[in-house]
Amino acid sequence: WSSAATNIQDAIDVANPGEQILVTNGVYANSSREIPYSGVTNRVVVAIPLAIASVNGAAATWIDGGSMNRCIYLTNGATLNGFTLTNGYSQSDGGGAFCAATNTIVTDCVLTGNRADGNGGAVSGGTVNNCLMVSNSCNFGGGAAYSFLNDCTLTGNSGLYGAGASWATLNHCQLNSNSSGSIGGGVASSTLNNCTLLGNIAANNGGAGIYSTFTNCT
């Protein structure tokens, strides 16, 4: 650790594809990098397939977007494990995290207080496992997520079309107290398997959800 990088991006920039980067405790709130031609700045950009993991989990390791940057961009094949992503902002999709493909994996993370002008206030794209998404928002669909979700909890998120999730697949997830300004308090245009939805509301139609398929759900 005596010779470790002092921010996550510096370590990523010298890594080779397929390597792992371990991140110790702290709040990482420095650096800003734009994805070319996107107009979106990111606190961390993972442009090659790397495994980014915290040493002691989400409670001890934070990436803070400072309300001006998306927390992290993850390319095809990249993985993120054990971080809190907070105060992220995107002028397009994915305020906390943008995942470039379904083989981009986010696991054991907390995403809170992120927002997007487009879809997926917390996360857009990718496969998200065992994550907690609280108080995220977007201006269109998926206040929390626009992704493939497994064993996740979505609480207190807001958006116009599916305050919890939109255009998503959810397996064994909990959606609680999400609030839509239009339709789909819990979800919109999604597929849900073995999920529980409680106390979600919509200003117009579909408090639990709308335009979605529910199998073995409560």
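On the stretch given as the range 175-205, residues that are open to solvent by less than 40 Å² (accessible area, probe 1.4 Å), without any contact (Cβ under 8 Å) to a residue 40 or more places away in the chain, of a type in the set (Gly, Ala, Ser) and within 20 Å of Ser147 (Cβ to Cβ) total 5.
State whether the residues of the range 46-60 include one that is over 22 Å from Asn129 (Cβ atoms) and hydroxyl-bearing (Ser, Thr, Tyr). No, every residue in the range 46-60 fails to be over 22 Å from Asn129 (Cβ atoms) and hydroxyl-bearing (Ser, Thr, Tyr). Going by the conditions given, is Ser38 open to solvent by 50 Å² or more (accessible area, probe 1.4 Å) and within 21 Å of Asn136 (Cα to Cα)? No. Within the set Gly118, Gly126, Gly186, the sole residue that is under 17 Å from the mean Cα position of the chain (by Cα) and on the phi > 0 side of the Ramachandran plot turns out to be Gly126.
Scan the range 126-141 for residues that are within 14 Å of Cys109 (Cα to Cα) and in a strand (DSSP E or B) and the total you get is 7. If we keep just the residues of the range 41-55 that are under 22 Å from Asn136 (Cα atoms) and among the β-branched types (Val, Ile, Thr), which is surrounded by the most Cβ atoms within 10 Å (Cβ to Cβ)? Residue satisfying both the conditions and the ranking: Val44. Quick check on Gly95: is it modelled with pLDDT of 95 or more and either surrounded by fewer than 22 Cβ atoms within 10 Å (Cβ to Cβ) or on the phi < 0 side of the Ramachandran plot (or both)? For Gly95, the condition - modelled with pLDDT of 95 or more and either surrounded by fewer than 22 Cβ atoms within 10 Å (Cβ to Cβ) or on the phi < 0 side of the Ramachandran plot (or both) - is met. Test of understanding: among Cys152, Cys109, Cys138, Cys99, which residue is touching a residue at least 40 places away in the same chain (Cβ under 8 Å) and more than 14 Å from Cys71 (Cβ to Cβ)? Step by step, each of Cys152, Cys109, Cys138, Cys99 is checked, and only Cys138 is touching a residue at least 40 places away in the same chain (Cβ under 8 Å) and more than 14 Å from Cys71 (Cβ to Cβ).
Within the range 56-64, not a single residue is open to solvent by 20 Å² or more (accessible area, probe 1.4 Å), within 21 Å of Asp93 (Cα to Cα), part of a strand (DSSP E or B) and free of Cβ contacts under 8 Å to residues at least 24 places away in the same chain.
Here Gly156 clears all of (1) over 12 Å from the mean Cα position of the chain (by Cα); (2) on the phi < 0 side of the Ramachandran plot except the condition numbered (2). Filtered by the rule that a residue be free of Cβ contacts under 8 Å to residues at least 12 places away in the same chain and of a type in the set (A, V, I, L, M), the range 12-37 gives a lone residue, Val14.
The values are calculated or read from the model by the stated rules, or taken from the named source; none is laboratory data. Here the structure is a predicted model, which is why all the values come from computation and not from measurement. Please note: Cβ atoms are built from the backbone with ideal geometry, for glycine as well, and neighbour counts cover all protein chains shown. Surface accessibility is based on the protein's heavy atoms, side chains included, excluding ligands, DNA and RNA. Shrake-Rupley method; radii C 1.70, N 1.55, O 1.52, S 1.80 Å.
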